[in-house]
Amino acid sequence: MPDADIHPPTRNLIEAWTRRVEREPERVAITYFDATLSAREVDRLTDALAVALARRGVTHGDRVGIYLQNIPQYPLTLLALWKLGAAAVPVNPMYRGDELARLLTDSGAVGVVSSYDAAEDVRAVAASGVWVVTTDPHSFQTTDDPRVFTGIGRAEEDELLSEAAQCDGQAPAAELSGDDLAILAYTSGTTGPPKGACNSHANVLAVASSYAAHVGLTSDDVVLGVAPLFHITGAVVNATMALLHGGSLVLAGRFHPEVTLDEIRTHGVTFTIGSITVFNALGAVPQAGRDDLASIRALYSGGAPIPPATVERFEARFGHYIHNVYGMTETTSAVVAVPLGERAPVDAATDTLSVGKALPGLTARVVDASGADVSTGAPGELELSGPQVVSGYLDNPEATASTFPGGRLRTGDVAVIDADGWVYLVDRIKDQINVSGFKVWPREVEDALYRHPSVHEAGVVGVPDDYQGESVVAFVSLGTDAPRVGEDALLEFVREHLAAYKRPKHIHVVDDLPKTQTGKIRRTALREVAHPTT
Ligand code: AMP
């Protein structure tokens, strides 16, 4: 069973990390292809990194962007920042231009740790005074596997690690409390443009410890960090949970199914949590089979709905049941999960696989529009409270007040909870598209289309997609006197403004968009055109 000393009352993440180092200093903490770092080495290196970052001026309460794929420098930077009392701002490495600029400005990041090959994109948008330090995805990797996307070339010098090499010594000890900000994670939430959810040390500890207990994680476990570390799930229940708990964390850059299978076999991975797209991609590797996953003892999928048939197909092929798990950026990741070894029931009316039961400490209620409980088994909005739920969004009192009335999180998900406590997500109130677990806010895509001089009106919807769960589809009408433009040119245009997963799969050019009497574009009508239900 998990060691009791990572559970609260451990007050902050560095206290929990220090206990882990003391427990088993020589055990491998991070594995990256053929490189390994023991807990002691990680501790020394992150002390040195903390000193180097302090020399750059980073201090208690600061926020620093991390613009990296799943490479060792990610968890190393997390620990170094936490040692200084600073917080990490995970930045999706697919972001460019405006998307990147908005996030850096809103977060007030004092600096960014960037992959060597993407640093110019960051420098181009970073405000003056915001430093950028580069690191090389190849620094810990001696393999030259062409399937591994880590960057476009080797850095002459890894700035981050060479600064650390010149900074031996103890990190300046910050006075940390559970309320200190650990991760400022951006999400479109339930209402629109990206907002920074303030995940505190206490929030991250609560989730890492309750989920570790739920899956019975021990220091013998080998955790594959397959979820992107720039998403709350990757940062908290892949990286932090593995680091604090004493199992080793296996990283392999950006997800590639064949590389992932190699890593599972080579390092004897026992546990992972990813999105259903990851499991679908493993299933699509022709020669993959049971032997590849022989070391696995628990698999979890979260972030997006799982069709029951997908779970059955995967189990028939690989011999492993995929457990469902639910969480949000605002709940610091996993908070409702299928108990290990149990099978999620399916709601007969909607063919919905249950996302599981509330983890310890979490109160899950189903409420009506006035916030009153509905009767057991009736649908309503899922409302969550507990130590996992953040206190709000950075510098955004309006969105905080509407999403967290009375400190309780209105999730925007429509749920049913049955008499045994199984939670089923049956619908969504929020205007959000879920592409392989990545959330797309339709307005952001529409705004990108409106930038095109020929576009008069734009409407964006999500439609079911066998592989990604949902995909983005757009409808536009053109200005009467504007130059005619077709789907391909519009697709090419949005490439410049949107990360790949937000780009529409199709853009239909139509004469007019359906509207309500008050002139609002009717998304339901567009959805029906894009994906007729009969
Ligand atoms: P994010 O903040 O990106 O983690 O997105 C959170 C949202 O993802 C939730 O509000 C749900 O709409 C959706 N979600 C998370 N986990 C699941 C799941 N297991 N099944 C269905 N939807 C999920």
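The values are calculated or read from the model by the stated rules, or taken from the named source; none is laboratory data. Note that the coordinates shown come from a computational prediction; the quantities given were computed from them, not determined experimentally. When we count neighbours, we look across all protein chains shown, and the Cβ atoms used for this are built from the backbone with ideal geometry, even at glycine. With ligands, DNA and RNA removed, areas are computed over all heavy atoms of the protein, side chains included. Shrake-Rupley method; radii C 1.70, N 1.55, O 1.52, S 1.80 Å.
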May I ask you to rank 198, 167 by accessible area, largest first, using a 1.4 Å probe over the protein chains only? 198, 167
What nm distance separates the two modelled labels at residue 173 and residue 369, each placed 7 Å from Cα along Cα→Cβ? 5.6
The range 237-342: antiparallel bridges as % of DSSP beta bridges, rounded to 5, reads 35
Calculated from backbone phi, Karplus (6.51, -1.76, 1.60) coupling profile of the range 430-444 in Hz, x at Gly/Pro: 6, 7, 9, 10, 10, 9, 6, x, 7, 9, 10, 9, x, 4, 5
For residue 508, other-chain or 5+-apart residues with amide H closer than 5 Å (H placed, Pro excluded) are 474, 475, 476
Tell me whether the range 473-534 comes out rounded, prolate or oblate; compute the Cα gyration tensor, take square roots of the eigenvalues as a ≥ b ≥ c, and use a/c under 1.5 as the rounded threshold. oblate
How much length is gained on full extension from residue 265 to residue 491, taking 0.36 nm per residue of separation minus their Cα-Cα distance? 77.4 nm
Tell me, what HN-Hα J-couplings in whole Hz come from the Karplus equation 6.51 cos²θ - 1.76 cosθ + 1.60 at θ = phi - 60° for each residue of the range 123-131, using x for Gly and Pro? 4, 5, 10, 5, 5, 5, x, 8, 7
Using θ = phi - 60° and the Karplus form 6.51 cos²θ - 1.76 cosθ + 1.60, what ³J(HN,Hα) does each residue of the range 183-197 get, whole Hz, x for Gly and Pro? 9, 9, 9, 7, 8, 7, x, 9, 9, x, x, x, 10, x, 7
For residue 518 the rounded accessible area (nearest 10 Å², probe 1.4 Å, non-protein molecules ignored) is 120
Give me the one-decimal nm value for the distance between modelled label points at residue 510 and residue 451, 7 Å along each residue's Cα-to-Cβ direction. 2.5
In square angstrom, what is the accessible area per residue of the chain with a 1.4 angstrom probe? 40
Counting only DSSP loop positions in the range 14-115, the chymotrypsin sites (Phe, Trp or Tyr not before Pro) whose Cβ has at most 12 other Cβ atoms within 10 Å are none
Estimated inter-spin distance, residue 466 and residue 127, nm [label 7 Å along Cα→Cβ]: 4.8
Provide the solvent-accessible area of residue 503, counting protein heavy atoms only and rolling a 1.4 Å probe, rounded to the nearest 10 Å². 70
For a quick check: with amide H placed at 1.01 Å from N, whose amide H comes under 5 Å from residue 412's, ignoring anything fewer than 5 positions away on the same chain? 382
Amide H to amide H under 5 Å from residue 471: which residues, 5+ apart in sequence or cross-chain, H placed 1.01 Å off N in plane? 463, 465
Kindly identify the range 8-337 as rounded, prolate or oblate by the Cα gyration tensor criterion: order the square roots of the eigenvalues as a ≥ b ≥ c, call it rounded if a/c is under 1.5, otherwise compare a/b with b/c, prolate if a/b is larger, else oblate. rounded
Simple Cβ-charge dipole of the chain, Lys/Arg +1 and Asp/Glu -1, about Cα centre, in debye nearest 20: 580
Could you tell me the number of lysine pairs in the chain with C-alpha atoms less than 18 Å from each other, where the two lysines are 8 or more residues apart or belong to different chains? 8
What part of the accessible area of the range 330-389, given as a whole %, is carbon or sulfur when the probe is 1.4 angstrom? 53
Give me the percent of the accessible area of the range 432-530 that comes from carbon and sulfur atoms, probe 1.4 Å, all protein chains in place. 48
